[in-house]
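Shown next, in structure tokens, is the structure this report addresses.
The values are calculated or read from the model by the stated rules, or taken from the named source; none is laboratory data. Keep in mind it's a predicted model, so treat the numbers as computed, not measured. Glycine gets a Cβ as well: all are built from the backbone with ideal geometry, and neighbour counts include every protein chain shown. Quick note on the areas: whole protein, heavy atoms, side chains included, nothing else; ligands and nucleic acids left out. Shrake-Rupley method; radii C 1.70, N 1.55, O 1.52, S 1.80 Å.
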Amino acid sequence: MPNLQAPTPDLAANPLRPAADWQQLVRVALLGTRQSPDALPTIPDLPAASETDEASREKHLLQAAGALSLIRKAGYQPASSATPFVSPAPAETEDTLGPNGAQSLNVLLEGQYTDLLPDFLTALAEHQRRVPHPQLVYLLEYARTRPALQPATAAVLGRRGEWLAAQNPDWAPILAASTHPQSEAVWETGTLPQRVSYLTSLRRQQSEQARKLLAATLPQEPAKTQAALLATLRENPSAADAELLGQYLTSKSKEVRQTVLPLLARLPDSALLERLWQRAEPLVRLKKGLLTKKLLVELPAADWDKTWLADGIEQRDARFQGEKAALLGQVLALIPPARWAAHWNLPPARLLELAAATEWAALLLNTWAETAILHHDAEWAGELLRWLFELPRKQPFSLPLAGLTQQLSSAQLLALVLPLLDAAPEFGPEVRWLPLLQLTPGPWPERLTRRVVEVLRAALSQPERLYRIQYAASQLLEHMGRVVPAAQYDLCAQPLQPLLQDVPYLHNSLARLLNTLHFRQQLEAALDEPPGPG
């Protein structure tokens, strides 16, 4: 019989946990009440045992075992939660995916064709469709650790998905990546990604107000936050940003200085750029003879001092060997290459040949490539790529190919790649056009796909060469799976499918290309499928 005079356990402080309490009881029973240091669980209406009275502990253990056994058999209703009531999710305003689209999304979330997921989510948002309710948790969990996927995920959650993500702090970064307008409260209380998102959105709509808000806030922020917020000015920097950016060019934080330096260099009529030109022009000169021209490059005569720092130039830079080479390299990496061409009245192709003939060829070509990317100079990006790929070079140069190709339009890239491919149509790992082709983004025009398939078919039809080209061909087939439009499936399947049984080294890669294109056809069809439930 329970002792009615004993104090009643405080259930608010020690809530009943049938499963956990049972495990605790079993541990004590296995070790014995004398040897076990664990406390016995508290049961409602059952007086607590004295921890120093061995007989009382044994009695309490047996009574608790009986009570818990009964509770476990009868079921247990948990105490009501003290958590505030959560409003239900609002009604959806967009159509969900249809059954076939939902099944295709499952395939992506299960780990197949994962490269296609970002583009599929973007296409969903463009078609004003959302993810079905049963797949929301799987998508949120998948995107939780993949920041690059979070903006596309946030755009297809629908109203319930946004409501659901707001209930779990682990999913907050996905909501923060949303491009939907956010409240002003986010600026004061949000996380850093949320504040960056708010400031970016405000700058697109009211740039002057965004600039004033940034100027008033930055002095109170730590360096890491200053750098992240200042980086929002990368999108369409204007002359009006010059004063604010200039204040942080000499910041104590290198991260902040390195953030504002390229932004100042990109401003129209940049005063910084003019100061850098005054430093660089005497160091890189054009010597003209009767029939020849030659570039002369000198390193700065003086060592680094704080006057260099006032122009954003650091004492050391890991990109360059030697302190003075680092000074010259940093300056050249900010000055638009077109200014040198205009200064000497020479075309870019001629300047590149002159630069390659100097002992500072690597420094000149790499810094001109970096600054062509910085200033989004498509003409110089194209000339650098053409110069690098058209002829074999004695000295290997490691230019930033991905950044250079991103400056070119699809038509410019096609005009660059196709002549190279026609000039050396035999496929192999050593062909110069291969790295450029693997950086050519989609959607490929039919003309390019047809030519590449012709080259591949010719190579795969020579069994004696398969072992040598295996790796290069598999890499190219993998890239084609992402960039060849799904509508060009037949263009690839008709010439390549008959070869499947004859290319043992490349059977899987070739089959994966065809399967990927076929699956992408299904994804595109899902965008126009009638919506399903939920």
What is the extension gain from residue 423 to residue 27, computed as 0.36 nm multiplied by their sequence separation minus the C-alpha to C-alpha distance, in nm to one decimal?
134.7 nm
Anisotropy class of the stretch 341-380 from Cα gyration tensor, a/c 1.5 cut:
oblate
How big is the stretch 472-534 along each principal axis, measuring the range of its Cα positions in Å and listing the largest first?
45, 20, 18
Counting pairs of alpha carbon atoms under 8 Å apart in space and at least six apart in sequence, what relative contact order in percent does the stretch 28-187 give?
17 percent
In nm, the gap between the two label points placed 7 Å beyond Cα toward Cβ at residue 36 and residue 493 is 6.6 nm
May I ask you to compute the full-extension gain from residue 306 to residue 467, defined as 0.36 nm times their residue separation minus their alpha-carbon distance, rounded to one decimal in nm?
52.2 nm
When we measure straight from the Cα of residue 252, which lysines land under 30 angstrom away, once same-chain ones fewer than 8 places off are left out?
212, 224, 306, 324
Taking only complete DSSP H runs, can you tell me which helices of the chain stretch 18 Å or more along their own long axis by Cα positions and average at least 1.0 on the Kyte-Doolittle scale?
361-374, 410-423
How high is the FRET efficiency from residue 106 to residue 231, r the C-beta distance, R0 51 Å, rounded to 0.05?
0.90
Taking chymotrypsin sites (Phe, Trp or Tyr not before Pro) as exposed when in a DSSP loop with at most 14 other Cβ atoms inside 10 Å, the chain has its longest clean stretch at 86-396
Before I look further, what does the stretch 360-441 give for accessible area per residue, probe 1.4 Å, in whole square angstrom?
43 Å²
In the stretch 191-262, trypsin sites (Lys or Arg not before Pro) in a DSSP loop with at most 11 other beta-carbon atoms within 10 Å
252
Using a 1.4 Å probe over the heavy atoms of the protein chains, calculate the carbon and sulfur portion of the accessible area of the stretch 302-401 as a whole percent.
54 percent
Principal axis extents for the stretch 385-534, Cα atoms only, whole Å, descending order, please.
63, 39, 23
